[in-house]
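Participant: Next up is a structure, given as structure tokens.
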Amino acid sequence: MPGIETYEYDVLVVGAGGAGLRAAIEASNAGVKVGVVCKSLLGKAHTVMAEGGMAAAMANVDERDNWRVHFADTMRGGQYLNNWRMAELHAKEAPSRVKEMEAWGALFDRTPDGRILQRNFGGHRYPRLAHVGDRTGLELIRTLQDHGIHLGMDVHMEHTVVELLMDGERVAGAFAYDRELGRFKAFRAKAVVLATGGIGRSFRVTSNSWEYTGDGHSLAYRAGAVLKDMEFVQFHPTGMVWPHSVAGILVTEGVRGEGGILKNAEGRRFMFDDIPDLYKHQTADNADEGWRYVRGDRQARRPPELLTRDHVARCINREIKAGRGSEHGGVYLDIAWIKEKLPNAEEHIKRKLPSMYHQFEKLAGIDITKEPMEVGPTTHYVMGGVEVDGDSQMSSVPGLFAAGECASGLHGANRLGGNSLSDLLVFGKRAGEHAAAFAREHGAVSLDADAVARVERMTLEPLERNGKGENPYAIQHELQEMMQSHVGIVRHHGEMEDALEGIAHLRERAIHAAPPGNREYNPGWHTALDLRNLLTISEAITRSALSREESRGAHAREDFPEKSAELGKINTAIRRGPDGEMLLEKHAVKPIREDLQAIIDEQQQA
Amino acid sequence: MPDATFRIWRGDASGGALQEYPTFYENGMVVLDVIHKIQAEQAQDLACRWNCKAGKCGSCSAEINGKPKLMCMTRMSDLDVSQPVTVQPMQTFPLLRDLVTNVEWNYRVKQEIKKLEPRKPDAPDGTWRMQQADVERAQEFRKCIECYLCQDVCHVLREHHKHNEFAGPRFLIHIAQLEMNPLDVADRVPDLKDRHGLGYCNITKCCTKVCPEEITITDNAIIPLKERVVDRFYDPLKKLFGG
């Protein structure tokens with residue numbers, strides 16, 4: 001393959017956020033040769049944005065907690081569409097994954113007796129999130145990075161994978177370009193772990209960076225894997241809304257965990273007005289009880305601000321649409337009020353929520369210890385993703401694994417806050433372990449030179465138009481606007497049909513994307529190449545959302561506002577048809593193991 | 001919408017120049033927003049790094065009107081827009097293109113630092129006990145987002161190019177957090193003196209001034225490390241009495 005550098009690995013990991021790094025560490029520990037490819041510099045992945053913490057039933061703060069409660073909380077949060085095996089493994093293994101981080105250098109906040117401190121979060125019955133102030137994701141990624149670099153893995157920073165390479169039915173590696181000079185690289189690998197994160201760049205208001213264009217989802221889809229439950233996109237209830245240019249930046253759920261309350265323009269604490277039946281017996285019905293809960297009173301029930309993210313986001317959306325929103329089109333999130341309750345409130349807020357204090361001070365000129373924040377929903381996370389085996393994380397394509405956000409299963413219809421960081425560690429480890437085993441048990445693969453040449457030509461096409469054609473940024477912006485308005489937080493049949501037409505139209509235009517410049521560090525070119533994946537996942541999300549004619553978890557339909565018992569037993573599955581068309585199937589949820597059902601029943605009574 | 005003129009460095013290692021881009025911006029915008037606007041409308045191939053746009057990933061470091069800053073945390077309202085706003089790449093690292101520099105050297109330096117070596121677990125379940133007050137010292141340095149602005153501004157690197165002998169403030173605080181981790185039993189003091197060139201730092205505190213995370217780099221990390229080296233290698237009493 002002339003002009004293309006070739007590298008060989010047993011395990012190739014695509015993505016270097018929490019899941020990718022954890023997978024790479026595990027595979028390296030297994031003694032196989034590991035390569036990591038990441039779109040940005042090492043340590044910059046979206047994991048750094050995770051603030052609140054990682055959920056693990058360590059029972060350091062409340063001894064009533066255990067894996068069974070965590071399992072039941074996760075299933076209930078996911079409205080029982082979860083892969084129950086993953087929910088089980090996650091609840092059982094998260095404590096060990098958190099604890100080993102300490103041996104690698106993580107320094108979590110402590111309990112008075114010196115153990116790892118845990119905080120309250122939405123949908124978690126007991127204080128369960130190990131954390132470092134409100135910068136837990138940074139702690140996690142830095143710990144994995146600093147541990148991983150000593151294990152002998154090769155890291156290819158600022159490289160983007162354009163296509164997976166196949167050897168028959170089996171994955172055989174990947175084709176990538178480097179940002180610096182636009183050189184092409186072929187990676188031959190016996191096993192590939194996708195850990196590319198999310199799809200946030202399909203929407204205008206998002207907490208995600210430029211990287212989150214659904215690469216892993218699309219690569220797997222084109223390689224023949226199934227994308228499951230793509231309609232479930234989590235809109236985090238609290239993103240910044242002002243200044244306009246920073247709209248979407250995350251405001252941690254930890255603010256509410258520390259006692260922050262949501263109010264509308266009339267000063268009403270509207271979350272008390274709508275508490276779902278499933279949670280009624282565990283939710284406070286007055287402000288005083290909610291505050292006592294936040295302060296650790298074990299007899300008190302949780303404040304309604306700590307209901308699951310899907311519900312809180314919809315309540316906020318309702319207030320804004322009803323004209324009771326804040327000045328800049330959000331609602332108020334007030335942590336400053338706790339000064340009525342705590343003598344040292346200002347210092348307490350700065351210590352518990354330092355990044356939030358900093359973020360609002362620097363970006364909005366607001367002192368959160370004195371004034372309320374303005375917040376509104378922001379595209380945050382996709383529950384759907386590559387369908388994988390719960391134990392091994394392997395997809396239906398032999399040798400192709402997926403972990404973290406780009407995989408599906410653990411979170412069902414809605415993810416609980418704090419379950420993402422633990423997901424990355426638990427299933428990153430499993431993917432790394434099983435990918436290494438797969439590489440050991442299977443022979444060498446060969447790369448198809450013709451396929452490589454095809455991808456190479458396709459990758460160069462935008463530049464060969466010499467700037468005569470469409471502006472790739474404009475196409476991206478139009479797609480984001482359309483997904484935001486047509487396939488956003490509340491959805492309707494007609495709008496989604498329009499979105500499908502819009503996507504088809506934008507796909508035609510994307511074929512003519514023509515960035516100026518050359519191959520060297522050219523973001524216009526990269527944006528043009530990313531469009532292909534963005535359009536694929538936007539279509540997958542829209543088709544899945546159209547097919548689910550009910551409202552459940554993060555998926556809300558204006559035309560089908562109720563839950564359907566029948567659809568509660570169905571997972572949506574997207575795969576590529578023989579002629580490249582997108583096929584949608586409805587798969588019955590696998591019947592749950594009896595002992596796990598018994599845990600769910602027992603916890604519902606509790 | 002108010003307007004401003006941006007003067008942005010365009011070019012690569014072989015040469016380049018500041019180019020002017022007149023533009024509009026909205027109230028509340030940060031410099032990175034304006035860079036993106038110029039990129040989308042006027043200069044699609046303008047190279048710049050960014051990720052989180054919230055001051056947490058440390059990707060968008062640049063020199064704005066000569067001052068090392070994160071573009072995502074510099075508000076337009078804090079700049080004098082009656083004059084052109086100049087945006088240049090960090091000067092201490094080799095230029096790749098436009099606002100992007102080659103920062104790989106930093107990754108190599110980190111690789112050379114001994115990693116954490118934890119003591120035996122305190123409890124039978126393999127866990128440790130640490131007090132909040134003890135972890136807080138190291139937690140301050142673990143706030144670092146690796147933007148490398150401290151490296152950019154450090155004269156040992158910027159003016160004297162001692163990249164081969166001096167780890168720079170970023171990695172001195174990295175060593176400090178390892179040394180101050182209550183679990184750690186490794187000894188990095190000889191390396192600090194020889195390999196990492198701690199003696200080159202003459203405490204001008206420029207690094208502390210530019211740190212977007214407001215880490216007290218010099219006082220809380222570098223000076224305590226210098227004390228450890230002095231105690232070990234330059235204690236006059238030890239020298240006299242062969243201690």
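Participant: Which aspartates and glutamates, on any chain, are close to A:Lys370 with Cα under 18 Å apart, when same-chain ones fewer than 8 places away are left out?
Facilitator: The qualifying aspartates and glutamates are A:Glu258, A:Glu327, A:Asp334, A:Glu340, A:Glu346, A:Glu347, A:Glu361.
Participant: From Cα pairs below 8 angstrom and at least 6 apart in sequence, can you work out the relative contact order of the range A:544-606, rounded to a whole percent?
Facilitator: Dividing the mean separation by the residue count of the range A:544-606 yields 22 percent.
Participant: Please compute the average number of Cβ atoms from other chains found within 10 Å of each residue's Cβ in peptide A:242-252.
Facilitator: 5
Participant: Extending each Cα 7 Å along its Cβ direction at B:Ala123 and A:Ala588, get the distance between those two points in nm, one decimal.
Facilitator: 4.5
Participant: Take peptide A:518-528, look around each residue's Cβ out to 10 angstrom, count Cβ atoms belonging to other protein chains, and average those counts.
Facilitator: Per residue, the average neighbour count from other chains is 5.
Participant: Now for a different question. Would you please give the FRET efficiency between A:Glu481 and A:Lys341, computed as 1/(1 + (r/R0)^6) with r the Cβ-Cβ distance and R0 = 56 Å, to the nearest 0.05?
Facilitator: 0.85
Participant: Here is a follow-up. Less than 11 Å Cβ to Cβ from B:Val230, Lys/Arg counted +1 and Asp/Glu -1: what total charge do the surrounding residues give?
Facilitator: Charge balance in the 11 Å sphere: +2.
Participant: If the cut-off is 19 Å between C-alpha atoms, which lysines fall inside it for A:Lys429, apart from same-chain ones fewer than 8 positions away?
Facilitator: Straight-distance partners of A:Lys429: A:Lys33, A:Lys92, A:Lys99, A:Lys190.
Participant: Beta carbons within 10 angstrom, averaged per residue: use that to sort the peptides A:401-411, A:549-559, B:82-92, highest first.
Facilitator: Most protected by this proxy first, the peptides run A:401-411, A:549-559, B:82-92.
Participant: Would you mind computing, in nm to one decimal, how far apart the modelled labels at A:Lys92 and A:Arg440 are, each placed 7 Å from Cα along Cα→Cβ?
Facilitator: Taking the simple label geometry, A:Lys92 and A:Arg440 are separated by 2.1 nm.
Participant: Looking only at the protein assembly as shown, where both bridge partners belong to it, what percent of the DSSP beta bridges are antiparallel (to the nearest 5)?
Facilitator: Antiparallel bridges make up about 70 percent of those DSSP assigns within the protein assembly as shown.
Participant: To continue, here is another question. Kindly express, to the nearest 10 degrees and within the range 0 to 90, the angle between helix B:223-233's C-alpha long axis and the longest C-alpha principal axis of chain B.
Facilitator: 40
Participant: How well do other chains shield peptide A:359-368, expressed as the mean number of their Cβ atoms within 10 Å of each residue Cβ?
Facilitator: Across A:359-368, the average partner-chain Cβ count within 10 Å equals 3.
Participant: Which order do A:Tyr221, B:Tyr234, A:Tyr381, B:Tyr107 fall in if you start with the one that has the fewest other Cβ atoms within 10 Å?
Facilitator: The most exposed by this proxy come first: B:Tyr234, B:Tyr107, A:Tyr221, A:Tyr381.
Participant: Check which residues have an amide H placed less than 5 Å from B:Leu96's amide H, if you skip close sequence neighbours.
Facilitator: B:Thr101, B:Asn102
Participant: Among the aspartates and glutamates, which fall within straight-line cross-link reach of B:Lys193, defined as a Cα-Cα distance under 17 Å, with same-chain neighbours fewer than 8 residues apart omitted?
Facilitator: Those aspartates and glutamates meeting the cut-off are B:Glu112, B:Glu165, B:Glu179, B:Glu227, B:Asp231, B:Asp235.
Participant: Return a single number: how many Lys pairs in the range A:464-606, at a sequence separation of 8 or more or on separate chains, have alpha-carbon atoms below 20 angstrom apart.
Facilitator: 4
Participant: Also: Counting Lys and Arg as +1 and Asp and Glu as -1, each charge on the Cβ, what is the dipole of the range B:30-117 about the Cα centre in debye, to the nearest 20?
Facilitator: Magnitude of the dipole: close to 360 debye.
Participant: Next question. Towards the positive end of the charge dipole of chain B, with charges on Cβ (+1 Lys, Arg; -1 Asp, Glu), say which of B:Leu240, B:Pro2, B:Thr216 has the farthest Cα.
Facilitator: Of the listed residues, the answer is B:Leu240.
Participant: Ranked highest first by the average count of other Cβ atoms within 10 Å around their residues, in what order do A:232-239, A:562-569 fall?
Facilitator: Packing order, densest peptide first, comes out as A:232-239, A:562-569.
Participant: Taking Cβ-Cβ under 4.7 Å as the only way to count a partner, pick out the unpartnered cysteines of chain B.
Facilitator: Isolated Cys, chain B: B:Cys48, B:Cys60, B:Cys72, B:Cys144, B:Cys147, B:Cys154, B:Cys201, B:Cys206, B:Cys211.
Participant: Treat the count of other C-beta atoms within 10 Å as a stand-in for reagent exposure and order A:Leu463, A:Leu584, B:Leu240, A:Leu181 from fewest to most.
Facilitator: B:Leu240, A:Leu181, A:Leu584, A:Leu463
Participant: At a Förster radius of 25 Å, what calculated FRET efficiency corresponds to the Cβ-Cβ distance of A:His244 and B:Glu214, to the nearest 0.05?
Facilitator: 0.40
Participant: How large is the dipole of the protein assembly as shown about the Cα centre if only Lys and Arg carry +1 and Asp and Glu carry -1, each at its Cβ, rounded to the nearest 20 debye?
Facilitator: 1480
Participant: Let me ask something else about it. Where does chain A land at 222 nm, in deg cm²/dmol rounded to the nearest 500, when only DSSP H runs of n ≥ 4 count, each adding -39500 (n - 2.57), divided by all residues?
Facilitator: Calculated mean residue ellipticity at 222 nm is -11500 deg cm²/dmol.
Quick note: the coordinates plus some simple rules give every number you see, no bench work behind them. Keep in mind that what you see is a predicted model, and the values were worked out from it rather than measured. Cβ: placed from backbone, ideal geometry, glycine included. Neighbour counts: every protein chain shown.
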